[in-house]
1. Hey, quick one: spin label on V266, modelled 7 Å out along Cα-Cβ, who in segment 303-320 has an amide N within reach, i.e. under 16 Å?
2. Could you please report the charge total around L371, scoring K, R as +1 and D, E as -1 over all other residues with beta-carbon less than 13 angstrom from its beta-carbon?
3. If you average 1/r over every pair of different alpha-carbon atoms in segment 321-415 and take one over that average, what Kirkwood value in Å do you get?
4. Once the Cα atoms of segment 310-349 are picked out, what are the Rg and Dmax in Å?
5. Sequence gap at least 6, Cα distance under 8 Å: using those rules, report the relative contact order of the chain to the nearest whole percent.
6. Would you mind ranking K218, K387 by Cβ crowding within 10 Å, fewest neighbours first?
7. Provide the gained length on full extension for the span R78 to L373, in nm with one decimal, where the gain is 0.36 nm per separating residue minus the Cα-Cα distance.
8. Gain in length, Q397 to T11, computed as 0.36 nm per residue apart minus the alpha-carbon separation, to one decimal in nm?
Amino acid sequence: MRHSWIPAGATADSRRLIATRALRGFADGLVSILLPSYLTVLGLSATRIGIILFGTLLGSALVTLCAGLAAHRIGYRRLLLGASALMLTTGLLFSCVRTFWPLFAVAFIGTLNPSAGDVSLFLPLEQAALAGTVTARDLTRIFAIYNVAGALAGAFGALFSGLPTLMAPRLDVTTISAQRSVFIIYSVIALIAAFMYRSLSACTDVEPSPIRTGPLGKSRGIVMRLAALFSIDAFSGGLIVQSLLALWLFRRFRMSVEAAGLFFFVSNLLGSASQFVSSALAGRIGRIRTMVYTHLPSNGFLFLAALMPNAALTVVFLLLRSSLSQMDVPARQSYVMAMVPPEERAAAASITNVPRSLASALGPIPAGRMLDLSTFGWPLICAATLKAVYDLLLLLQFGSVSPVDELSANVVSRK
């Protein structure tokens, strides 16, 4: 039976990829909120926590770049299975390691995601495979569903992140032992995802080819320009990745892990619900305008959240920001996929996402240093300002550059 919320032309592979995104979203939500608390219990300063988060993002960026550029030779399914094995290993190692440099090494080579969005090795591979399951007209809708599945599952992951700490006294175990069990759950989820990737049909994959051709051809120019702009947004996002935002709430307002988990649960619910609106809005005003017109007000709410004197007002403005901040994600992903030919999609997804990961990797270190020096919301203010600059540049450079499906829709509407 076909689900009405999935585009009519979508396949069973679409649902499998959406399901694996949900699984990984739950794992990321669970770990990203618990991670700063766990590292604090281990005795690490905010600066060192920022360095570890830098390692997770930098390592993910480098391996994602390699995967995206090699996908047309190796194939999506093989790389997704390899990524699942890396995720499994990451969880097992993080549950055992306790000191700073080994933790940094595991963070660098592994798949931990400290952000609310997806910045992992899986992302360009899943995006390229998913784009091949629908027509260009349905791209924004299928990406909205894909991202909503991840965000919604991430919300429940965040909600459950405080459970180990809450249950530790009742189970007569230490807090650190209870929190360490979360990384075992992370590894189990990797195994489940691997089984689902194995069931993907050959239709989702590229035909592996040993020929050493360039992964990008005629779309190179626009992809590089988009990647440069996306990097500005990503660097500013790196200042307030979910783990760091949780750390700021812990330090600024003495918020508990349980309370932070509940906040991020609601925040991610709002973000996921808003992405359904993104698809309809993009159909009316175009993908670029959807990205900019929803992003600018969300940046204003983020700026105001940093200035609030108490936790209640801060949470209100952060939730207002969450109701708008994710609406650009499906529009952005869909825009990239619609602007390049099918054979270049994996490389385009990788090249636009990797600079995002590299740029976001630079954010946690200065943000962690800011939090060591002051509990004021300087990371939020810097992030909001830079994001607004990105929005204006994006509208200026690409506001009049539309994919073929948008141009066709405009012609039909005029008739």
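1. Only 305, 310-320 pass the distance filter.
2. On the way: positive: R48, R251, R252, R369; negative: D372.
That sum, taken over residues with Cβ under 13 Å, equals +3.
3. 16.2
4. Expressed in Å, the Cα Rg and Dmax of segment 310-349 come to 16.5, 51.
5. Details: 745 pairs, mean separation 118.7, N = 415.
Contact order relative to length: 29 percent.
6. Working: K218 10, K387 25.
Listed from fewest to most nearby Cβ atoms, that is K218, K387.
7. Result: 101.7 nm gained on full extension.
8. Gain on extension, Q397 to T11, equals 135.5 nm.
No lab work stands behind these numbers, since they all come straight from the coordinates. Model, not experiment: these values are computed from the prediction. Heads up, the Cβs are rebuilt from the backbone with ideal geometry, glycines too, and the neighbour counts pull from every protein chain shown.
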